[in-house]
Amino acid sequence: MRKSVAIVNRKGGVGKTTLAVILAEQALLKGVTAVCVDLDPQENFIDSLSFFAGRKENERYLDKLIPCGIHDKVEIPDDGDILIVIDCPPALEDATMKGMKLADKILVPVMSDIFSILNLEVVFKQAEDCGKSRNDISLVTIGYKQGGATLPSSIRSNIDKRNYKVAAELPVHKTIAVNIASGKKWSNGIDMKFRRPFFELYNDLTA
Ligand SMILES: Nc1ncnc2c1ncn2[C@@H]1O[C@H](COP(=O)(O)OP(=O)(O)O)[C@@H](O)[C@H]1O
Ligand SMILES: [Mg+2]
């Protein structure tokens, strides 16, 4: 298995980096090499991975973790199962174009913020310019009430009206942020029913 996914949205604060961390961690937990490409100069993805790497209980996963900052050269192993996760900056700049070109699939997180879904046509157009078909791009929605995946109706109607493909409807769960910030596994202490949509997204991506 060798897959690559770019996580893109022009809007910041919509869950791109969180999703990148979760997918990378899922790969590591399954013994899959995670090549983690952070194209955002803020480097929150790399920083989150360093929190994860800093905990003793995560040591056993580290030989499969390959972090790569914006100025690094990516070293992708020739064999074994590999997931390349590319976290993009909140802008449609050259780095994002590079990320979209590198990836097989593009995920666009969308939160309760209406500005996370307005003007997505530009993202789709750019993805097409990067050689991607409409089928390679999916939204990932994130709910807004603790534990819930429901979206505000303004966002839901935008998605329905435009027939955007939705890869997953994820719940918002405040413990995820706490876990990531402390280097614990993202799902630590979170009930299975809240974790399942994340697992299913990972499984679909890597199938
Ligand atoms: N599923 C989620 N549940 C709870 N909080 C989330 C979830 N996804 C993202 N967040 C929170 O939303 C904020 C923005 O997320 P982040 O991943 O940094 O967005 P971006 O990379 O798009 O700027 C952070 O505080 C993060 O912890
Ligand atoms: Mg980010």
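Assorted remarks:
- Here the condition is being within 13 Å of ligand 1 (Cβ to nearest atom), within 22 Å of residue 130 (Cβ to Cβ), in contact with a strand residue (DSSP E or B) (Cβ under 6 Å, 6 or more places away or on another chain) and among the aliphatic types (A, V, I, L, M); of 8, 37, it holds for 8 alone.
- Restricting region 89-140 to residues that are over 21 Å from residue 205 (Cα atoms) and in contact with a strand residue (DSSP E or B) (Cβ under 7 Å, 6 or more places away or on another chain) leaves a set whose member that is surrounded by the fewest Cβ atoms within 10 Å (Cβ to Cβ) is 112.
- Residue match in region 10-18 (condition: closer than 18 Å to residue 198 by Cβ, among the hydrophobic types (A, V, I, L, M, F, W, C) and out of contact with any Pro (no Cβ under 7 Å at 6 or more places or on another chain)): no
Residue-wise test of (1) of a type in the set (Gly, Ala, Ser); (2) within 21 Å of residue 4 (Cα to Cα); (3) exposed (fewer than 14 other Cβ atoms within 10 Å of the Cβ).
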site	(1), (2), (3)
38	no, yes, no
41	no, yes, yes
45	no, yes, no
48	yes, yes, no
51	no, no, no
56	no, no, yes
60	no, no, yes
65	no, yes, no
69	yes, yes, no
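- Considering only residues in region 135-161 that are in contact (Cβ under 8 Å) with a residue 12 or more places away in the chain and assigned to a helix (DSSP H, G or I), the one that is nearest to ligand 2 (Cβ to nearest atom) turns out to be 155.
- Top-ranked residue in region 172-207 [being among the hydroxyl-bearing types (Ser, Thr, Tyr) and either part of a helix (DSSP H, G or I) or surrounded by fewer than 13 Cβ atoms within 10 Å (Cβ to Cβ) (or both); ranked as nearest to the chain's Cα centre (by Cα)]: 202
- Residue pairs whose Cβ atoms lie under 7 Å apart, separated by 6 or more positions or on different chains, with the first residue in region 12-29 and on the phi > 0 side of the Ramachandran plot and of a type outside the set (Val, Ile, Thr) and the second open to solvent by 10 Å² or more (accessible area, probe 1.4 Å) and more than 16 Å from ligand 2 (Cβ to nearest atom), do not occur.
- Residue list for region 31-59, filter: in contact (Cβ under 8 Å) with a residue 24 or more places away in the chain and basic (Lys, Arg): 55
The values are calculated or read from the model by the stated rules, or taken from the named source; none is laboratory data. Please read all numbers here as calculations on a predicted model, not as lab measurements. Cβ: placed from backbone, ideal geometry, glycine included. Neighbour counts: every protein chain shown. These area figures cover heavy atoms from the full protein model, side chains too; ligands, DNA and RNA do not enter into them. Shrake-Rupley method; radii C 1.70, N 1.55, O 1.52, S 1.80 Å.
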